[in-house]
1. What is the one condition in (1) assigned to a strand (DSSP E or B); (2) closer than 21 Å to residue 266 by Cα that residue 4 does not satisfy?
2. Has region 41-62 got at least one residue that is farther than 20 Å from residue 165 by Cα, over 16 Å from the mean Cα position of the chain (by Cα), among the hydrophobic types (A, V, I, L, M, F, W, C) and exposed (fewer than 15 other Cβ atoms within 10 Å of the Cβ)?
3. Which residues, counting only those in region 74-125, are of a type in the set (Ser, Thr, Tyr), over 27 Å from residue 39 (Cβ atoms) and touching a residue at least 40 places away in the same chain (Cβ under 8 Å)?
4. Going by what's in this entry, would residue 224 be described as hydrophobic (A, V, I, L, M, F, W, C), surrounded by 12 or more Cβ atoms within 10 Å (Cβ to Cβ), over 20 Å from the mean Cα position of the chain (by Cα) and under 23 Å from residue 277 (Cβ atoms)?
5. Answer yes or no: is there a residue in region 26-40 that is surrounded by fewer than 19 Cβ atoms within 10 Å (Cβ to Cβ) and of a type in the set (Val, Ile, Thr).
6. Hey, among 34, 18, which residue is of a type in the set (Gly, Ala, Ser), assigned by TED's automatic domain parsing to the domain that holds residue 121 and modelled with pLDDT of 90 or more?
7. Could you give me the residue pairs with C-beta distances under 6 Å whose first residue belongs to region 235-249 and is assigned to a helix (DSSP H, G or I), whose second residue is basic (Lys, Arg) wherever it lies, and which are 6+ apart or on separate chains?
8. Where residues in region 66-93 are assigned to a loop (DSSP other than H, G, I, E, B) and either surrounded by 11 or more Cβ atoms within 10 Å (Cβ to Cβ) or among the polar types (S, T, N, Q) (or both), which of them is modelled with the lowest pLDDT?
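The values are calculated or read from the model by the stated rules, or taken from the named source; none is laboratory data. If you're wondering where the values come from, they're calculated on a predicted model, not measured in any experiment. Because the Cβ atoms are built from the backbone with ideal geometry, glycine has one as well, and the counts that use them run over all protein chains shown.
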Amino acid sequence: MNQSLYAVKEEIKKVIRGKDDILDSVLCTLLAGGHILLEDIPGVGKTTLAVALSRSLGMSYKRMQFTPDVLPSDILGFSMYDNKSGDFTFRKGAIFTNLFLADEINRTSPKTQSALLEVMEEKRVSVDGTTYNLEPPFFVIATQNPVGASGTQKLPDSQLDRFFVRLSLGYPDHQSATEILKGHSMEQIDQVNPILSVADLRALQQKAADVFANDAICDYIVSLTEATRRTDMLSQGISPRGSIAILKMAKARACYEDRDFVIPGDIHKILYSVCNHRMILSTKAKAAGKDAADIVEETLSLVPIPKLS
């Protein structure tokens, strides 16, 4: 593992215990420059994770609670008339930060959810005909309660597709839960120290982008996504945007493991987290009791693993 990223992970583990696989996925997503959707019940550490992440990487951080009355202007900003100058001045919204935590994103209106579309995809904000670029690096970590919970609004497919991965922290194991109980993780957040700077993170992102993926790897990714479009277990398979996310995440995983080339194992490790929110199960799959994890496993078994020369 990359030593600097290992140090970041160890720092976050001061307050997030027993979730090594999730931390690996989160750090790989940041390397890939992607956004994260955390779907979980309240109280399992989603906000603690976001705060610890921002502190360990020296990033600016803002959190917004997405309630039904939140407006797009609260997120993006708005123009205000200045009586003294006689001109309109732009007041920046909460999105102008390195790490933006959209807490309970599926409790706000579809209009407000859609306000994040452009900024997540293009990392810029358009207000009153003027475009404002966000300072890199820029990440969104959005949390949502399980679909169907009281007061929730289902995220549209176009919004879901903007997230590189969907993760779930889940309940901690017994030992980790005991350590949390004794340590009160959120109260220990001040113990999380900056390990990398924003400049260091940007350099690592560039290193991940430069990781080599040969033609066989690219063909393998396309074959996997095409297989999801042919199966009768899915009414919607993986889009070309999803294929790009798989490649970027595989490169990030290789970089995370201190390699400068992608191997099929990198794809296997990230495939479920990248694809689970992009696939729509068919009625046949639901009747058979299958879930996204089953479909990913079946897809991997159907597509031959390439041999790298």
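1. Of everything listed in (1) assigned to a strand (DSSP E or B); (2) closer than 21 Å to residue 266 by Cα, residue 4 misses just condition (1).
2. Within region 41-62, not a single residue is farther than 20 Å from residue 165 by Cα, over 16 Å from the mean Cα position of the chain (by Cα), among the hydrophobic types (A, V, I, L, M, F, W, C) and exposed (fewer than 15 other Cβ atoms within 10 Å of the Cβ).
3. Going residue by residue through region 74-125, those that are of a type in the set (Ser, Thr, Tyr) are 79, 81, 85, 89, 97, 108-109, 112, 114.
Of the ones still in play, those that are also over 27 Å from residue 39 (Cβ atoms) are 79, 81, 85, 89.
The answer is 79, and nothing else.
4. Details: hydrophobic (A, V, I, L, M, F, W, C): yes; surrounded by 12 or more Cβ atoms within 10 Å (Cβ to Cβ): yes; over 20 Å from the mean Cα position of the chain (by Cα): yes; under 23 Å from residue 277 (Cβ atoms): yes.
It is true that residue 224 is hydrophobic (A, V, I, L, M, F, W, C), surrounded by 12 or more Cβ atoms within 10 Å (Cβ to Cβ), over 20 Å from the mean Cα position of the chain (by Cα) and under 23 Å from residue 277 (Cβ atoms).
5. no
6. Numbers: 18 fails: modelled with pLDDT of 90 or more.
Of the residues listed, the single one that is of a type in the set (Gly, Ala, Ser), assigned by TED's automatic domain parsing to the domain that holds residue 121 and modelled with pLDDT of 90 or more is 34.
7. So the pair list comes out as 242/278.
8. Step one: of region 66-93, the residues assigned to a loop (DSSP other than H, G, I, E, B) are 66-71, 82-87, 93.
Retained after the next criterion (residues that are either surrounded by 11 or more Cβ atoms within 10 Å (Cβ to Cβ) or among the polar types (S, T, N, Q) (or both)): 66-67, 70-71, 83, 85, 93.
On the way: 66: 90, 67: 88, 70: 91, 71: 90, 83: 79, 85: 76, 93: 91.
For region 66-93, the residue satisfying everything is 85.
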